[in-house]
Amino acid sequence: MSIEKSENGLGRRDLLKLSAAAGVAVAGASLIGQKPAFAAGEELSLKGKRIAISATGTDHFFDLQAYNAQIEEVKRLGGEPIAVDAGRNDGKLVSQLQTLIAQKPDAIVQILGTLSVIDPWLKKARDAGIPVLTVDVGSTNSINNTTSDNWGIGKDLALQLVSDIGGEGNIVVFNGFYGVTPCAIRYDQLVNVVKYFPKVKILQPELRDVIPNTVQDAFTQITAILNKYPEKGSIKAIWSAWDIPQLGATQALAAARRTEIRTYGVDGSPEVLQLIADPNSPAGADVAQQPAEIGRTAIRNVAKLLAGQTLPRETYVPALLANKTNVGEVTKKLGIG
């Protein structure tokens, strides 16, 4: 049976799949900016409670927004925040978790972190009778994890990329943080989508994004890749699980005048959304999360738990895919336009 092809080379079935994904993204968009619904008469309180907030680092837009929002939400609900930032140092992160456990707070909220590093200490906290909740950490020792739907994020971003490149071509992938749960999920979803488009190839070896100096390192790595693949069309896109490597990659493409290549990432950092809004920039798409709302939601979940409510395993806060067409609408809805 013949399948009609669109101008970008994708078949009708492919476009139906992409349209379905777009519908999911739009449905999520309708929730952005809405306040969470609570039961009539429900009043959340953390009065007299000491809530520990442990951040892996706060040098990235997402982390800082979530961290600050958690501190303010604990105060708003009448509690005392004990907030600590490990500055992207795993040794310091372990030490600060040890210290927090010894202080015996009413709950601990961990923001991000490599699971193999933090999970033993989340277990120790749980074993000590301290409720553990998390942000973007898929740990069995967490009562509740507040996050975006990273399966949907990964799928939607991958489908946008495949659509933009017409279902064929080489893509460069940054995959340096597979030990971080959201990054792993997004990467796996990229691989799951790409396997259904046999003309799309992930170039090997994959690149490893780093912390710190993420932007500069991504710039250097992409510049080297462009020298290795100098012909236009030899690379169609660059993907990263978060958007700080995307920022460095986009700068490298502009410097090399290889703006035919598009970049893709996740988080919705304002500087990346600005690049997507620029029609001359190679930034193609970025899935914008709501880190402040994620942070506030995690603290509200703490209050619910301490009030005796049962929490779901995960709480999802909507994210929205921003591309060249809708980025203005997305930034307006997020309040950063």
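The GNM of the chain, with springs linking C-alpha atoms under 10 angstrom apart, assigns the highest mean-square fluctuation among Ile202, Ile294, Ile244 to Ile202. Calculate the translational D of the stretch 268-337 in whole µm² s⁻¹ from Stokes-Einstein, where the hydrodynamic radius comes from the Kirkwood formula applied to all Cα pairs, the temperature is 10 °C and the viscosity 1.306 mPa s. Rounded to a whole number, D works out at 117 µm²/s. Each of Gly248, Gln221, Val266 was placed along the dipole of the chain (beta-carbon charges, centred on the mean Cα), and the one lying farthest toward the positive end is Val266. Simple point charges give the picture: +1 on the Cβ of Lys and Arg, -1 on the Cβ of Asp and Glu, and for the chain a dipole about the Cα centre of about 360 debye. The distance between label points at Ser116 and Glu72 comes to 3.7 nm (points 7 Å beyond Cα on the Cα→Cβ vector).
Axis of helix 115-127 versus longest Cα principal axis of the chain: the two differ by about 20°, to the nearest ten degrees. Considered as an equivalent ellipsoid built on the Cα gyration tensor, the stretch 50-147 has semi-axes of 17, 16, 12 Å, the largest given first.
For the stretch 72-148, the solvent-accessible area works out to 40 Å² per residue, with a probe of 1.4 Å and every protein chain left in place.
Comparing Trp151, Leu161, Val173 along the charge dipole axis of the chain, the residue lying farthest to the positive side is Trp151, per the Cβ-charge model. Extension gain for the segment Asn280 to Arg313, taken as residue separation times 0.36 nm less the Cα-Cα distance, is 7.6 nm to one decimal. Report the residue, chosen from Thr58, Thr250, Thr134, that carries the largest GNM mean-square fluctuation when the chain is represented by alpha-carbon nodes joined by springs under 10 Å. Per the Cα network of the chain with a 10 Å cutoff, Thr58 tops the list.
For the stretch 207-303, the per residue solvent-accessible surface stands at 36 Å², with DNA, RNA and ligands left out and a 1.4 Å probe.
A helix-only calculation puts the chain at -14500 deg cm²/dmol for mean residue ellipticity at 222 nm, using -39500 (n - 2.57) for each DSSP H run of at least four residues, averaged over all residues. Projecting the Cα atoms of Ile294, Ala283, Asn326 onto the charge dipole of the stretch 251-337, computed from C-beta unit charges around the Cα centre, puts Ile294 farthest toward the positive end.
Per atom type, the chain shows carbon and sulfur on 53% of its accessible surface, probed at 1.4 Å. Overall form of the stretch 194-337: prolate. Here a/c, set by the Cα gyration tensor axes a ≥ b ≥ c, is 1.5 or more, and a/b is the larger of a/b and b/c. For the options Leu97, Leu77, Leu320, a Gaussian network treatment of the chain with springs between C-alpha atoms closer than 10 Å singles out Leu77 as fluctuating the most. Note on Thr220 and Thr259: their simple-model spin labels are 2.7 nm apart, each label 7 Å out from Cα toward Cβ. Assign one of three labels to the stretch 151-268, namely rounded, prolate or oblate, based on the Cα gyration tensor with a ≥ b ≥ c the square roots of its eigenvalues; rounded applies when a/c is under 1.5, prolate when it is not and a/b is larger than b/c, and oblate otherwise. In terms of gyration-tensor shape, oblate. Extents of the stretch 220-287, largest first, come to 30, 22, 16 Å (Cα atoms, principal axes, whole angstrom). With N as its number of residues, the chain has a Cα radius of gyration that, divided by 2.2 N^0.38 Å, comes to 1.03. Only aspartates and glutamates eight or more places from Lys199 in sequence, or on another chain, were considered; those with a Cα closer than 20 Å are Glu4, Glu7, Asp14, Asp156, Asp164, Glu168, Asp188, Glu231, Glu260. Normalised by 2.2 N^0.38 Å, where N counts its residues, the alpha-carbon radius of gyration of the stretch 103-211 equals 1.33. A cut-off of 5 Å between modelled amide H atoms, ignoring neighbours fewer than 5 places along the same chain, links Thr315 with Asn145, Thr146, Thr147. Each residue of the stretch 136-153 is assigned a 3J(HN,Hα), and the resulting list reads 6, 10, x, 10, 6, 8, 9, 5, 8, 10, 8, 7, 8, 6, 5, 5, x, 4 Hz, derived from the Karplus form 6.51 cos²θ - 1.76 cosθ + 1.60 (θ = phi - 60°), x at Gly and Pro.
The figure for Ser281 is an accessible area of roughly 10 square angstrom, using a 1.4 Å probe on the protein chains alone.
For Thr259, no residue has an amide H sitting under 5 Å from its own, ignoring neighbours fewer than 5 places away on the same chain, with H placed 1.01 Å from N.
The values are calculated or read from the model by the stated rules, or taken from the named source; none is laboratory data. Since the model is a prediction, treat every value here as computed from it, not as a measurement. Cβ coordinates were reconstructed from backbone atoms using ideal geometry, including for glycine residues, and neighbour counts include every protein chain displayed. Just so you know, the surface numbers come from the protein's heavy atoms only, side chains and all, with ligands and any DNA or RNA stripped out. Shrake-Rupley method; radii C 1.70, N 1.55, O 1.52, S 1.80 Å.
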